[in-house]
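Enquirer: The structure's right below; bear with me while I get my questions together.
Nothing in this text is a laboratory measurement; each read-out follows from the coordinates by a stated rule. What you see is a predicted model; the values in this text were computed from it and never measured. Neighbour counts run over all protein chains shown; Cβ positions are idealised from the backbone, glycine included.
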Amino acid sequence: MNQTINFLSKLLSIPSPTGNTAEAIDFIKTEFNSLGLESTLNKKGALIATIRGENDSEQITFSAHVDTLGAMVKEIKSNGRLKLSLIGGYAPNSIEGEEVIIQAFDGSEYTGTILYENPSVHVSGDEVYEKERTTDNLEIRLDERVSDEESISKLGIEVGNYISFKPSVQISDSGFIKSRHLDDKAGIAAIYNMAKELLNRNVKPKNTVNFFISNYEEVGHGSSASIPENTSVFIAIDMAAVGEGQKSDEFSTTICMKDSSGPYDYETSKKLIDLAKTNGINYKTDIYPHYGSDVSAALRAGYDFKFALIGPGVDASHSTERTHIDAIENTVKLGLAYIDNYEV
């Protein structure tokens, strides 16, 4: 798994908020091509990579999404600070104190920090503790000598510029991976490992296998187009949310039985459960009340195939996230077991 974790660490360091994912997609495409994968881009910029199997008419497609949470510049304030418009679903309080990168349209980049508008407890007193954090009272303090709208405009910063959260990747000796954006770059790492393992066998899989790297999942339409037409089974690999009332943990792969878009295909989910038991793969089953996936988008778009959702357990989803290498490895094992045992 060392090579996979190295791949994940590099991918996490590349900003890719929804709508601005080209650099991250290019990195994945280069890595896939180096493995020997066929790969193409659709018009939306998503990546589709393929390993041809003995049977090309009944294909298995796995998806994971590269787009992440982020923000855009909503307003340039008269005090030289920036207001935000959020990209993706997350609580404003989860980004207070976050270090960010603002990318101007000319490619220039500037750093800053997201703060409450009156952040000093020595100045504002109890207000700092008591005030609910919203996009109305959070702002970005730029690391530049700016004090008004004009001085910011001279930097080239404009409304609509992307704001990326620095991931702050940390990998512990005990196997934990801490970072923003493990949703869903940990899933892409699992796909990378699966592809590498399949190609290292030097034997065609029984069925053609596709890897669909979507880039608009966080806003709901990542896999609504361009899924390979012979796909018989579509399996999203996305983070499993760990928390109170959930069975998911940071060491297992989770088979999601139902989320806010409805139940997943029982036959396919049951097959994955049986394979996990047979192969000694650490797994959990779970239900997520506030969750959607690439499967959700594909079904709403009218695709007709079997479908399931698996993925590594991630603690503190849509905040400062953490998983363990074991969760990624168990996800890889389950995906490969499904490929090896798929029957029409």
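Enquirer: Calculate the spin-label point distance for Glu58 paired with Val203, positioning each point 7 Å from the Cα along the beta-carbon direction, and give it in nanometres.
Expert: 1.9
Enquirer: In addition: In region 294-344, what GluC sites (Glu not before Pro) fall in a loop by DSSP, with at most 15 other Cβ atoms inside 10 Å? Please list the in-between numbers first.
Expert: Working: sites: Glu321, Glu329, Glu343; in loops: Glu343.
Passing both the DSSP loop test and the Cβ count: Glu343.
Enquirer: A follow-up question, please. What number in nm² do you get for the chain if you take the convex hull of its Cα atoms and divide its surface by four?
Expert: Quarter of the Cα hull surface area: 18.2 nm².
Enquirer: So what is Rg over Rh here for region 208-300, counting just Cα atoms and using Kirkwood for Rh?
Expert: Working: Rg = 13.6 Å, Rh = 14.2 Å.
So for region 208-300, dividing Rg by the Kirkwood Rh gives 0.96.
Enquirer: Counting other beta carbons within 10 Å of each Cβ, put Met194, Met257, Met1, Met239 in order, fewest first. Intermediate results must be reported in sequence, preceding the final value.
Expert: Numbers: Met194 24, Met257 17, Met1 14, Met239 29.
So the residues, fewest neighbours to most, are Met1, Met257, Met194, Met239.
Enquirer: Calculate how many DSSP beta bridges within the chain are antiparallel, expressed in % of all such bridges and rounded to the nearest 5. Each step should come with its number before you reach the end.
Expert: On the way: 44 of 70 bridges.
If I count the DSSP bridges inside the chain, around 65 percent turn out antiparallel.
Enquirer: What is the spin-label model distance, in nm, from Ser124 to Leu41 if the labels are put 7 Å beyond Cα along the C-beta direction?
Expert: For Ser124 paired with Leu41, the spin-label model returns 4.1 nm.
Enquirer: So how far, in whole Å, is the C-alpha centre of region 1-58 from the one of region 264-310?
Expert: 22
Enquirer: When only Cα pairs under 8 Å and 6 or more residues apart are kept, what is the percent relative contact order across the chain?
Expert: 23
Enquirer: Would you work out which of Asn341, Thr50, Met194 lies farthest towards the positive end of the dipole of the chain, given +1 charges on the beta-carbon of Lys and Arg and -1 on that of Asp and Glu, about the Cα centre?
Expert: Comparing the listed Cα positions along the dipole, Asn341 ranks first.
Enquirer: Relative to the first principal axis of the alpha-carbon coordinates of the chain, what is the inclination of helix 182-200, with its axis defined by its Cα atoms, in degrees from 0 to 90 and to the nearest 10?
Expert: Compared with the principal axis, the helix lies near 30 degrees.
Enquirer: Report relative contact order for region 70-165 in percent, whole number only (criteria: Cα-Cα under 8 Å, sequence separation at least 6). Intermediate results must be reported in sequence, preceding the final value.
Expert: Values: 183 pairs, mean separation 42.1, N = 96.
Relative CO of region 70-165 lands at 44 percent.
Enquirer: Then there's this: For Ala22 and Met1, FRET efficiency with R0 = 25 Å and r from the beta-carbon atoms, rounded to 0.05?
Expert: On the way: r = 28 Å, r/R0 = 1.11.
So the FRET efficiency works out to roughly 0.35.
Enquirer: As an exercise, take the mean of 1/r over every pair of distinct alpha carbons in region 70-165, invert it, and state the Kirkwood radius in angstroms.
Expert: One over the average 1/r among Cα pairs gives 13.5 Å for region 70-165.
Enquirer: Another question, then. Over 26 Å between Cα atoms, which of Lys185/Lys306; Lys44/Lys271; Lys204/Lys258; Lys29/Lys247; Lys44/Lys258 qualify?
Expert: Details: Lys185/Lys306 24 Å; Lys44/Lys271 33 Å; Lys204/Lys258 33 Å; Lys29/Lys247 34 Å; Lys44/Lys258 28 Å.
Violating the 26 Å limit, Cα to Cα: Lys44/Lys271; Lys204/Lys258; Lys29/Lys247; Lys44/Lys258.
Enquirer: Could you state the number of Å between the C-alpha centres of region 151-169 and region 314-344?
Expert: 33
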